[in-house]
1. Which of the listed residues, 88, 107, 119, is farthest toward the dipole's positive end in the stretch 68-148, when Lys, Arg count +1 and Asp, Glu count -1 at the beta-carbon?
2. Using amide H atoms built in the peptide plane, which far-off residues or other-chain residues are under 5 Å from residue 189 H to H?
3. Kindly write out, for the stretch 136-152 in residue order, the coupling ³J(HN,Hα) from the Karplus curve 6.51 cos²θ - 1.76 cosθ + 1.60 (θ = phi - 60°), rounded to whole Hz, with x marking Gly and Pro.
4. Would you please classify the overall shape of the stretch 110-253 from the alpha carbon gyration tensor, given that a ≥ b ≥ c denote the square roots of the eigenvalues, rounded means a/c under 1.5, and beyond that prolate means a/b larger than b/c while oblate covers the rest?
5. For the pair residue 87/residue 65, report the inter-label distance in nm, with labels modelled 7 Å from Cα in the Cβ direction.
6. To the nearest 0.05, what FRET efficiency results for residue 252 and residue 191 with a Förster distance of 22 Å applied to their C-beta separation?
7. Is the shape of the stretch 148-193 best called rounded, prolate or oblate, per the rule: a/c under 1.5 gives rounded, else a/b larger than b/c gives prolate, else oblate, with a ≥ b ≥ c the square roots of the Cα gyration tensor eigenvalues?
8. For residue 236, what charge total do you get from the other residues with a beta carbon under 14 Å from its beta carbon, if Lys and Arg give +1 and Asp and Glu give -1?
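Every number here is computed from the coordinates shown, using simple stated rules; none is lab data. Computed from a predicted model, the values in this text were never measured in an experiment. Here the Cβ is made from the backbone with ideal geometry for all residues, glycine too, and neighbour counts use every protein chain on show.
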Amino acid sequence: MLHIVLLDFHLFATSSRPLRIIRITLSLAAIVGLAGSIGYSRQLAQLRHTHAELREQVGLLEVEDPTKVAIACVSYSEEDIPPGVDQAYVWQYRIHIPANYGPCYKTQRGLVTADSPHGRGSSGGSWSGSNSEAKEVLATIALIHADGKWMFCRTTGGSSSTATMPDEFGLDALEDLVIDVPVKPEHATRTFETDEAICLFRIREKSLAKKRNGDPEIDLYQGLVVYLFSDKHRDAFEAWARGKAESMQEATP
């Protein structure tokens, strides 16, 4: 009887040994898989971080509809500021210009509104003819302090402009001013219709400008604004800027 029990135990031990080996093998495989998954997740997180940094540096311009204007922000490092400049604030954009869109740039400096190209003071602009094919341009807008004065500089494709900012317009602390841009570094590409007037840059004081008698101006602030629009809508834009229409679309025939 004892012999039979020992034999049964031997058979049970012999039959359970492969099961233990299988369990151990599966456990090791799970541990190896878990370690590999952790390592892969870390690599993926690092790649995403690197991609985000590169995207911020070069500006990932995603053109989903080539018939529309698309704008992406490009980061600008302080290391890129040339010598001789005491201080500088720089905004850069990659802009997709659709085919048959002649880009026009209009700058208003002095007194500006909070949401239109209307203003009073100095103004200037540049434009170019449309191309049969779409193209991409790099737009740079900078406020540069050198030789005791603040200068405004704009370069967009082959055009550029420079102007001296008024002494009464303080630029030492940007947080004290209102700044409007078409797209921010943390956002993706932004798309605009070809019949829109795009505010590329607006900087203004928070409080209304004062008249000579001390009374506040109506809807006017010390500042500067830059607009981009198509040459097909140049007359409509100018009508809007002169206050003869509530929008460029309203002034378009």
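1. 119
2. Excluding prolines and chain starts, which carry no amide H, the hits are 62.
3. For the stretch 136-152, the Karplus-derived couplings read 10, 10, 9, 9, 10, 10, 9, 10, 10, 10, 8, 6, x, 10, 9, 10, 9 Hz, x marking Gly and Pro.
4. Values: a/c = 1.82, a/b = 1.29, b/c = 1.41.
Oblate, since a/c reaches 1.5 and b/c is not below a/b.
5. Placing both labels 7 Å beyond Cα along the Cβ direction yields 4.2 nm.
6. On the way: r = 20 Å, r/R0 = 0.90.
The value I calculate is 0.65.
7. Here the stretch 148-193 falls in the oblate category.
8. Charge balance in the 14 Å sphere: -3.
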